[in-house]
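Peer 1: Supplied in structure tokens, the structure appears directly below.
Every number in this text was worked out from the coordinates using simple rules, so none of it is lab data. Quantities reported herein were computed from a predicted structural model and do not represent experimental measurements. Please note: Cβ atoms are built from the backbone with ideal geometry, for glycine as well, and neighbour counts cover all protein chains shown.
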Amino acid sequence: MGLVNLGCLPRLAALWRNRLVLKIYFVVALIGITVVLVSEYNLAVLPDQYHWRYMLPLCVAVLSFWLTIAFAWKWNLSVTAGVSIPLASAFRHAAMLLLGKYLPGKIWGVLARGQDAMINQRLAGSNVYAATYLEQLISIHAGLVVGVATLTLLVPDLALRAVLWIVVVLSVFIIPFVHKFIKDLTPERFRRRYVFLETMMSKVTLSTPDYTRLTCVYLLEWVAMGLVLVLVVALVTGEVPPRIDAFLYLGVNSLAMIAGFLALFAPGGIGVREGVIVALISPRLGLETALMISVTMRLVTVAADFVAGAIAMLLRAKSH
């Protein structure tokens, strides 16, 4: 959630209750992406040529990621708020969130998406931010599940590998109980001070079946994004990675993106995500190839976010 106190969300959100502000958000975020795309990279580390026959599968993988993240948000809202929104609206909300990570604080995508949902879908703010809380919790958890589960393949000890897999599986069932335990321990003074937070948290029941189903959806989101990295590797090297390597890259991408998300100082996790990718894949592909892949992956994801934002902007204009 960035560096913003969650108790300030209602006051911050009030500043966004204007369609013009949302339009300005889109424009500023797209400009921010353009600046990142143009200024943050030394093009000398790019390969002399790409293997363009992999571009179509790469575009399909990006599209799959977009649809998965939109569907995950749509289902999240149906579980949290009991409301079904059109897939086009869910895609627009997903694009708003993707754009927000390029602005300092990483909170603006959450606010823009929330206000769009309140204005156009007539959702209560507590419902939207309850769904956002659940999204962040499950998404990070699902990403860690993918990362740990795939990287266990590098663990030579079969017993340790089995233990890690058991921990990964059990975590899906344990998290709802941990969430309830923490919520029940929240001091009454804190509840009175932040009524908005108390209302929001009361809407997140986190039953184990719902949590498990949502986790499966968010796992698909991480797999779709991991396939983008697999195809970027093919785009750079000219061949699809062996099955075991492709499986590992799913985990590499998850851990790299989570590290970038947690790096609040870096717009879009710039530098941090690339560093994790290089550190984890260079032993298999070499440092030079790993650097080319990490930079190409960033260029692909930034360009994809730009396109998603532009499409969402067009969808919003068409809906009015």
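Peer 1: Go through 117-124, 238-245 and give me the packing order, highest mean Cβ count within 10 Å leading.
Peer 2: On the way: 117-124: 17.2, 238-245: 12.6.
With the highest mean Cβ count within 10 Å placed first, the list reads 117-124, 238-245.
Peer 1: Let me ask something additional. So if each residue of separation counts as 0.36 nm, and I subtract the Cα-Cα distance between residue 23 and residue 78, what length gain in nm does that give? If you can, show how the numbers build up before the last one.
Peer 2: Details: separation 55, 0.36 × 55 = 19.80 nm, distance 2.64 nm.
Computed gain between residue 23 and residue 78 is 17.2 nm.
Peer 1: Per-residue counts of other Cβ atoms within 10 Å, averaged by peptide: what ranking do you get for 249-259, 87-97, 167-177, 143-153, highest first?
Peer 2: Values: 249-259: 24.4, 87-97: 22.8, 167-177: 14.3, 143-153: 20.0.
So the order, starting with the most tightly packed, is 249-259, 87-97, 143-153, 167-177.
Peer 1: Turning to a different aspect of this structure: Mind giving me the nanometre distance, one decimal, between the label points for residue 60 and residue 122, set 7 Å out from Cα along Cα→Cβ?
Peer 2: 4.1 nm
Peer 1: Between residue 164 and residue 35, with labels modelled 7 Å along Cα→Cβ, what's the label distance in nm to one decimal, could you check?
Peer 2: Output for this residue pair reads 4.0 nm.
Peer 1: As an exercise, use a Förster radius of 45 Å and the Cβ-Cβ distance of residue 157 and residue 307 to find the FRET efficiency, rounded to the nearest 0.05. Please report the intermediate quantities before stating the final value.
Peer 2: Working: r = 44 Å, r/R0 = 0.98.
The calculated FRET efficiency here is 0.55.
Peer 1: What are the ³J(HN,Hα) values, in whole Hz, obtained from phi via the Karplus relation 6.51 cos²θ - 1.76 cosθ + 1.60 with θ = phi - 60°, for each residue of the stretch 272-288 in sequence order, with x given for Gly and Pro?
Peer 2: Here the 3J(HN,Hα) series is 5, 4, 5, x, 5, 4, 4, 4, 8, 9, 4, x, 9, 10, x, 5, 4 Hz.
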